[in-house]
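The values are calculated or read from the model by the stated rules, or taken from the named source; none is laboratory data. These numbers were taken from a predicted model, which means no experiment stands behind them. Neighbour counts run over all protein chains shown; Cβ positions are idealised from the backbone, glycine included. For accessibility, only protein heavy atoms count, side chains too; no ligands or nucleic acids. Shrake-Rupley method; radii C 1.70, N 1.55, O 1.52, S 1.80 Å.
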Number of protein chains: 4
Amino acid sequence: MPELGAHTWVVPGGQVPFPAHGPEPEFTGFDQLCVLNATDREAEVSLDIYYEDAEPVGPYRMLVKARRIRHIRINDLIDPEAIQLDRPYGCLLRSPVPVVVQFLRQDTRLPGTLALTGTMAHPV
Amino acid sequence: MPELGAHTWVVPGGQVPFPAHGPEPEFTGFDQLCVLNATDREAEVSLDIYYEDAEPVGPYRMLVKARRIRHIRINDLIDPEAIQLDRPYGCLLRSPVPVVVQFLRQDTRLPGTLALTGTMAHPV
Amino acid sequence: MPELGAHTWVVPGGQVPFPAHGPEPEFTGFDQLCVLNATDREAEVSLDIYYEDAEPVGPYRMLVKARRIRHIRINDLIDPEAIQLDRPYGCLLRSPVPVVVQFLRQDTRLPGTLALTGTMAHPV
Amino acid sequence: MPELGAHTWVVPGGQVPFPAHGPEPEFTGFDQLCVLNATDREAEVSLDIYYEDAEPVGPYRMLVKARRIRHIRINDLIDPEAIQLDRPYGCLLRSPVPVVVQFLRQDTRLPGTLALTGTMAHPV
């Protein structure tokens, strides 16, 4: 299996949309990091969260199995501390094996609407 | 004609939106890979699909003619197996000639709304 | 003034949304190439349009003045031939000086809605 | 702390959406530059704004503290001159330390709708 991607990825523009409207869980607002690990080795990736007005928090640790993707909702991160909704943040993901990381946001703050945005994360 | 782009491209954040609302086929939800082959050689590109909870599936094979684009809807892939809608996936595209690949999603899961998102794929 | 960017940029995923709804001209659907020329030299950029089922068409020529941006609507291109709306295409922009190119789409095909998507173009 | 990113970033496709609809301040339209400074040194970043029909304006100066993010709304820039809403622009951000920059737009020009788009800025 190929080793492709980078070991470090950055997303500066995080802010989990809140509140959400519409049927749950499909229309819950979220920020998501989508990780693809094409290698044959399991990867324990770590995430550091940066804020405007406080020291970085982390590492948050998550497992991405060999030859697997994982779509990580920032909303779901609770250890070392829960991510506060609607608070601006940025994040830095590190992986022991090369991976590729994409950022996706689903925003349903305005009742009856759905907005999406996303971008490939920045590889270092 | 120039040879431009890369031989391998990655999109980690796939999930074909389902169900869809609005007149078909214009407002069918989809994930799309847009491929540009500026070379003078026809390219049989191959696609491997990665999942959260199963081994990768592929290769899916598609032809992109010389000096042509092709907009490939992930929804339409059926061989070696149909892509399940609303299931998280990532994908890895390989081409024998350099190409450029862009990802686009159209989401009409919420009746009366239309959401788009996209990004350039990640070149390896 | 700095010389920054690249001489060649690619966008594979074009398709000018049609029809449009809502007040014009603000809510006309469009695909747009946004070009920044930070150099001190005027740039005559050229655009080649690639299709799924026909030979490339071009060059379309446009001037981007020194130390200026230009937001080019694909809809407005008419020479050597008008761009057909709602037809899949890709494009290749060449510039004699380094520039930076971003792609933006505004989609108002569904009455009462507005969808946006975009990405940095791919530099070669 | 790691030094990651680039010293210069470009966004060619700016245009602050105007007018806005919906409750303020949540649904005010904006263009935003999201900056992550993972270094241990405070960064005074500078921004030059490029136009279609006038000389560049700048530098706009902003502080991004060490180990912090900052989400900068273009709408809020007033010195050396206020940014005119609904006017096409591009921008060039420079930083004395490596940073990562993402562009985000929130558009509520059409009453009852919310559209988002964004992309990583282009590193030079």
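Couple of notes before you dig in:
- Residue within segment C:47-63 that is more than 7 Å from every other protein chain (Cβ to nearest Cβ) and either at positive phi or at pLDDT below 95 (or both) present: yes
Residue-wise test of (1) open to solvent by 60 Å² or more (accessible area, probe 1.4 Å); (2) of a type in the set (A, V, I, L, M, F, W, C).
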{"site": "C:T8", "(1), (2)": "no, no"}
{"site": "C:V11", "(1), (2)": "no, yes"}
{"site": "C:H21", "(1), (2)": "yes, no"}
{"site": "C:P25", "(1), (2)": "yes, no"}
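- Condition check for A:G58 on (1) open to solvent by 20 Å² or more (accessible area, probe 1.4 Å); (2) assigned to a loop (DSSP other than H, G, I, E, B): one failure, at (2).
- One residue stands out in segment C:9-48 among those that are more than 13 Å from the chain's Cα centre (by Cα) and assigned to a strand (DSSP E or B): the one that is farthest from D:I49 (Cα to Cα), namely C:E44.
- Within segment B:73-91, being among the hydrophobic types (A, V, I, L, M, F, W, C) and within 11 Å of another protein chain (Cβ to nearest Cβ) holds for one residue alone: B:C91.
- All positions within segment B:27-53 that are of a type in the set (G, A, S) and open to solvent by less than 10 Å² (accessible area, probe 1.4 Å): B:G29, B:A38, B:A43
- Output for segment D:58-106, where each listed residue is in contact with a Pro (Cβ under 9 Å, 6 or more places away or on another chain) and polar (S, T, N, Q): D:Q102, D:Q106
- A:H7 of a type outside the set (A, V, I, L, M) and within 11 Å of chain B (Cβ to nearest Cβ): no
Yes/no matrix, rows are residues, columns are (1) over 12 Å from the mean Cα position of the chain (by Cα); (2) among the charged types (D, E, K, R):
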position: A:D53; (1), (2): yes, yes
position: A:V57; (1), (2): yes, no
position: A:V64; (1), (2): yes, no
position: A:D79; (1), (2): yes, yes
position: A:I83; (1), (2): no, no
position: A:D86; (1), (2): yes, yes
position: A:L93; (1), (2): no, no
position: A:P98; (1), (2): yes, no
position: A:L116; (1), (2): yes, no
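- Qualifying residue in segment B:92-102 (condition: at the interface with chain C (Cβ under 8 Å from one of its Cβ atoms) and closer than 28 Å to A:T108 by Cα): yes
- Single unsatisfied condition, B:T113 versus (1) part of a strand (DSSP E or B); (2) at the interface with chain C (Cβ under 7 Å from one of its Cβ atoms): (1)
- Conditions (1) open to solvent by 40 Å² or more (accessible area, probe 1.4 Å); (2) facing chain A (nearest Cβ under 8 Å); (3) among the basic types (K, R); number of the one not met by D:R68: (1)
- Residue tally, condition of a type in the set (D, E, K, R) and either under 18 Å from A:G13 (Cα atoms) or crowded, with 24+ Cβ neighbours inside 10 Å (or both), over segment D:82-99: 1
- Within segment D:44-65, the residues that satisfy the criterion of being in contact (Cβ under 8 Å) with a residue 40 or more places away in the chain and either of a type in the set (V, I, T) or out of contact with any Gly (no Cβ under 8 Å at 6 or more places or on another chain) (or both) are D:E44, D:V45, D:I49.
- Unmet requirement for A:P2, which otherwise passes all of (1) open to solvent by less than 40 Å² (accessible area, probe 1.4 Å); (2) modelled with pLDDT of 95 or more: (2)
- Within segment C:11-27, not a single residue is in contact with a His (Cβ under 9 Å, 6 or more places away or on another chain) and farther than 25 Å from B:F30 by Cβ.
- Answer residue from segment D:61-108, given it is β-branched (V, I, T) and in a strand (DSSP E or B) and is farthest from D:D40 (Cα to Cα) among those: D:I72
- Filtered residue count, segment B:100-124, keeping only those that are buried (at least 24 other Cβ atoms within 10 Å of the Cβ) and either at pLDDT below 95 or under 10 Å from B:T8 (Cβ atoms) (or both): 3
- Count - residues of segment C:26-46 that are out of contact with any helix residue (DSSP H, G or I) (no Cβ under 8 Å at 6 or more places or on another chain) and either within 12 Å of chain D (Cβ to nearest Cβ) or under 29 Å from B:D40 (Cα atoms) (or both): 13
- Test result for C:P17, at pLDDT below 95 and either buried (at least 24 other Cβ atoms within 10 Å of the Cβ) or over 22 Å from B:N37 (Cβ atoms) (or both): no
- Pair list, Cβ under 7 Å, 6 or more apart: segment B:19-30 residue more than 12 Å from B:L114 (Cα to Cα), other residue of a type in the set (A, V, I, L, M): none
- Residues of segment A:99-123 satisfying the condition of being of a type in the set (S, T, N, Q) and in contact with a Leu (Cβ under 7 Å, 6 or more places away or on another chain): A:Q106, A:T108, A:T113, A:T117
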